[in-house]
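Written below as structure tokens is the structure these notes are about.
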Amino acid sequence: MLRRISAGWALALAGFWWVLAGPVPEAWWVGILAVGFGLFLHTALGGRQPGRLRLSAIPAFIPWFILEAVRGGFDVARRSMAPSLPLAPGFLRYRIRLPHGPSRVFFVNCISLLPGTFSADLEGDALRVHVLAEAESGPSRLAVLEGKVGRLFGVDRLPDG
């Protein structure tokens with residue numbers, strides 16, 4: 001199983017290098033080093049632990065994330081241009097239900113990449129999130145993101161409690 005994972009990542013990284021450098025033979029001397037370094041980082045950062053990123057789940061996550069980022073960006077721009085729209089900054093407390101590891105780190109960072117939200121503090125399972133509009137950025141949106149990240153990493157969220 002581990003050989004298949006490494007081969008899949010090697011092919012993905014080589015494909016990415018091909019997109020960047022094209023089919024220029026001279027570029028592949030550096031590409032071999034880049035792919036090797038990428039595989040080393042993948043392994044060093046926990047790529048062989050349970051809860052590793054599943055390549056097959058990326059195509060479902062990326063369009064959803066881009067759509068949410070664009071939608072959130074328009075909302076932030078609209079609120080900044082129209083004083084009549086509510087701008088109620090504040091902090092939400094959210095209990096993270098993803099297990100410790102790469103999926104949790106990715107989730108916390110994704111929150112900060114979406115417009116109008118910022119992961120401000122993490123203490124144990126409690127995450128403090130700064131939001132521009134508390135009503136629209138409630139825990140339900142965070143739970144949806146957490147579920148999508150869980151599927152992306154092939155991990156189940158821990159039960160409430």
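The values are calculated or read from the model by the stated rules, or taken from the named source; none is laboratory data. The shown structure was predicted, so the numbers you read here are calculated from the model rather than taken from an experiment. For neighbour counting, all protein chains shown are included, and Cβ atoms are generated from backbone atoms with ideal geometry for every residue, glycine included.
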Using the structure shown, decide if S103 is polar (S, T, N, Q) and under 27 Å from T43 (Cβ atoms). yes
Do the conditions hold for V30, that is, is it part of a helix (DSSP H, G or I), at pLDDT 85 or above and among the β-branched types (V, I, T)? yes
Taking segment 50-78 as the search range and keeping residues that are charged (D, E, K, R) and surrounded by fewer than 17 Cβ atoms within 10 Å (Cβ to Cβ), which one is farthest from the chain's Cα centre (by Cα)? R78
Are any of the residues in segment 68-76 over 18 Å from L127 (Cβ atoms), in contact (Cβ under 8 Å) with a residue 24 or more places away in the chain and touching a strand residue (DSSP E or B) at 6+ places or on another chain (Cβ under 6 Å)? no
